[in-house]
Amino acid sequence: MKRRKFIKLSAATGTAAGSGLGPLLMDLYAFQNSSKLSKVEAKFYKKYPDREIECVLCPRFCKLGDKERGYCGVRENIDGTYYTLVYGKACSIHVDPIEKKPLFHFLPGTPTLSIATAGCNVNCKFCQNWEISQVRPEQISHIDFPPDKVVKFAQKYSCPVIAYTYSEPVVFYEYMYDTSLNARKKGLKNVVITGGHINPEPLEELIQAVDAIKIDLKAFTQDFYTKYVRGELKPVLEAIKIIASSSIWLEIVYLVIPTLNDNPKELRDMCQWIANEIGPDVPLHFSRFHPHYLLKNFPSTPVSTLEEAADIAGKAGLNYVYIGNVPGHKAENTYCPKCKNIIIQRQGYIIAKLKIKNGRCTYCNNRIPGIWI
Amino acid sequence: MANSRVIIVRKKDISSPKGIPDLNCLVRMFKRGFSLLNGPGDYKKNLQILFKADDQIGIKINTLGGKNLSTRPEVPQALTSLLIKSGIPSKNIITWDRTNRELTTAGYRLNMNKKSIKIFGTDSRGLGYEQDLTSHLNIGSRFSSIQSRIVTASISLAIVKDHGLAGVTAGMKNYFGAIHNPNKYHDSNCNPYIAELFSTDSIWKKHRISILDALLIQYHRGPAYHSQWAAEYGALIFSLDPVAADFASWQIIEELRFAKGLPSLKEEGREPLYLKTAEKMKLGKASPADINIIREEI
Ligand code: SF4
């Protein structure tokens, strides 16, 4: 893989260049592209006779013989030991505002050093990052970016937060975990952007190392998960409950796809479930779908559908409901549920106004849940 | 509609104690197999019906199993010699698989020389996977540019193995090696994915024949190599019907399992369901009544 190609990837998908961080590009350019995959033993798997293993990191529980790879394509059984092939092998490195994740109640306006490796443990037909999530690590450009370097980069580019994102961080668990511990020692925070397809034990351990998790809840029916995600809904709901009952911050995003997961009854059931099981204060983002990957023949979500969804969520008692991917929409602001004033005004990813002090609304002193500066 | 024919040509002790098959015997087996493809006939004529002189023939082998359990290099070598005798220029023949590393590990010598028989992997310089995604039924994949751009007529020269998920891996699943994301098609017993992938234009319109290397069969705990469950079977399996060829392979695996007192794949919940799906999709026959299996010893 050529360095130029890697830089192209960085620039094209977003970021470093777009953020005006020319020096970051220059620094990345100095990295040698790596042609080698990692061979770091995986954390969560069981060994069986005859060199067989079972991965217990995510609900797929891949059972693999020698030389086989899991569904995610980034873990391989080599002579009966299971390895992650993407430890320290970053394929995307950008500086993004935290609003882009989106995390709206977590250090607003903070730049995040955002990293990803190849691979994913589901296969959403609407994936926006399929070029990196649905490939094997040897099929795309990546550089050697071990945990200590990630942390140094975050410090150098004044990013108080590291985000594990773009593809599916669960599949690069060991890399994310070690980087998080390393970052924490230096006073940085860690956020995870995930589909939530992870088993309870690794999730509970991860929660000890990170500060916030954003879950993409892709629908509220198993049928949708079977047809369009190739995954399971139940473990995702379980993961949401585990995170909600922990001390770290949680936000939920729901990408609304016309005719597939926008049924009002389904949305009502989901909002009711969130209100009952998680509580009314978890931020819920309804995000606008645009045709992509294997769903190119579907239209973009009408804004009215998103507004209807937000209305349903409000009626279910949820206090912080957002509409995403619709620049300039009034529902990208945060309103105080008590006095109804705008307490965070957003213009795209820019924070135009912040009226929260010591975690409280500056107008009425109402406590606003979140992690604030 | 006529039954599908599957020709199983066997030669006892074809392989040396080190597992290396005798090249001359292989050539004889190929000749026999090709000559019986459409009823008794001439191997050359049958090859000339299958391939035109200007075809770019892709021989898709399976080298995932390393040195012990991959298509033996002597097998495509014997096949190639007969293709050339039937009038195909050597420069029009490519033996290929996913990666150069897997090919060399399995004992192949790479050759990218344009003027002779070529042996290389999709990861060779200037090749790789298509940028564009092929979206077809439940399949969303990038094809190896070897299969999508270079090859005009394809031979699946796979090996026959038990498979922990699909039940059986043979000629049809071999094409998982022609896409960038095979790991995405292993759930629900690889069904309907094996059949659906096979029905994409890049495969269905190019596939000419399944020839299965059943010299050594992994009949249990595949697809990885386990010597205690691998049998020297000494056979090549030929069929113009890709589904029937895999069906016959399944039957052989069941015979070997039965002989060793192992439960059937159905009993293990691994019956190769993809065969019925493929039959429903009219890719070939998967019912014993519709398949004539012709067994030959040489
Ligand atoms: S993390 Fe990957 S290998 Fe492990 S169970 Fe999930 S998909 Fe399978």
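Points worth noting:
- The criterion of being out of contact with any strand residue (DSSP E or B) (no Cβ under 8 Å at 6 or more places or on another chain), touching a residue at least 40 places away in the same chain (Cβ under 8 Å) and either surrounded by fewer than 21 Cβ atoms within 10 Å (Cβ to Cβ) or away from every other protein chain (no Cβ under 14 Å) (or both) does not hold for B:Ser16.
- Single residue of A:Lys46, A:Lys36 found to be modelled with pLDDT of 95 or more and either in a strand (DSSP E or B) or more than 16 Å from the ligand (Cβ to nearest atom) (or both): A:Lys46
- Among residues of the range B:158-179 that are away from every other protein chain (no Cβ under 14 Å) and of a type in the set (D, E, K, R), none has a Cβ under 8 angstrom from a residue that is surrounded by fewer than 24 Cβ atoms within 10 Å (Cβ to Cβ) and in a loop (DSSP other than H, G, I, E, B) at a sequence gap of 6+ or on a separate chain.
- When A:Asn199, A:Asn182 are checked against the criterion of being without any contact (Cβ under 8 Å) to a residue 40 or more places away in the chain, surrounded by fewer than 22 Cβ atoms within 10 Å (Cβ to Cβ) and away from chain B (no Cβ under 14 Å), a single residue qualifies: A:Asn182.
- Residues that are among the small types (Gly, Ala, Ser) and surrounded by 24 or more Cβ atoms within 10 Å (Cβ to Cβ), drawn from the range B:155-166: B:Ser156, B:Ala158, B:Ala166
- Every condition in (1) of a type in the set (S, T, N, Q); (2) within 14 Å of another protein chain (Cβ to nearest Cβ); (3) in contact (Cβ under 8 Å) with a residue 12 or more places away in the chain; (4) more than 22 Å from B:His207 (Cβ to Cβ) is met by B:Thr122 except one, and the failing one is (4).
- Every condition in (1) under 25 Å from B:Leu240 (Cα atoms); (2) away from chain A (no Cβ under 14 Å) is met by B:Pro192 except one, and the failing one is (2).
- Considered as a group, the residues in the range A:323-355 that are touching a Cys at 6+ places or on another chain (Cβ under 9 Å) and in a strand (DSSP E or B) include one that is surrounded by the fewest Cβ atoms within 10 Å (Cβ to Cβ), and that residue is A:Ile342.
- Residue, modelled with the lowest pLDDT, within the range A:54-68, restricted to residues that are within 10 Å of the ligand (Cβ to nearest atom) and part of a loop (DSSP other than H, G, I, E, B): A:Glu68
- A:Lys234 vs. criteria over 23 Å from B:Gly140 (Cα atoms), crowded, with 24+ Cβ neighbours inside 10 Å and either charged (D, E, K, R) or modelled with pLDDT under 95 (or both): no
- Residue match in the range A:98-116 (condition: at pLDDT 95 or above and within 14 Å of chain B (Cβ to nearest Cβ)): no
- Failed condition for A:Arg51, given (1) more than 9 Å from the ligand (Cβ to nearest atom); (2) touching a Phe, Trp or Tyr at 6+ places or on another chain (Cβ under 8 Å); (3) of a type outside the set (A, V, I, L, M, F, W, C); (4) within 14 Å of another protein chain (Cβ to nearest Cβ): (2)
- Single residue of B:His220, B:His186, B:His207 found to be out of contact with any Cys (no Cβ under 7 Å at 6 or more places or on another chain), surrounded by fewer than 24 Cβ atoms within 10 Å (Cβ to Cβ), in contact (Cβ under 8 Å) with a residue 24 or more places away in the chain and farther than 12 Å from B:Lys60 by Cα: B:His220
- Close Cβ contacts (under 6 Å, 6 or more residues apart or on different chains) running from residues in the range A:58-72 that are within 21 Å of B:Glu102 (Cβ to Cβ) to residues that are among the hydrophobic types (A, V, I, L, M, F, W, C) and near the ligand (Cβ under 6 Å from one of its atoms) comprise A:Cys62/A:Cys55; A:Gly70/A:Cys55; A:Gly70/A:Cys62; A:Tyr71/A:Cys62; A:Cys72/A:Val171.
- A:Gly80 vs. criteria near the ligand (Cβ under 8 Å from one of its atoms) and within 14 Å of another protein chain (Cβ to nearest Cβ): no
- Here the helices (runs of 4 or more DSSP H) wholly within the range A:159-269 that include at least 3 residues being within 16 Å of the chain's Cα centre (by Cα) and away from the ligand (no atom under 16 Å from the Cβ) are A:233-244.
The values are calculated or read from the model by the stated rules, or taken from the named source; none is laboratory data. This structure is a prediction, so every number in the text was calculated from the model and none was measured. Every residue, glycine as well, gets a Cβ built from its backbone with ideal geometry; the counts of neighbours run over all protein chains shown.
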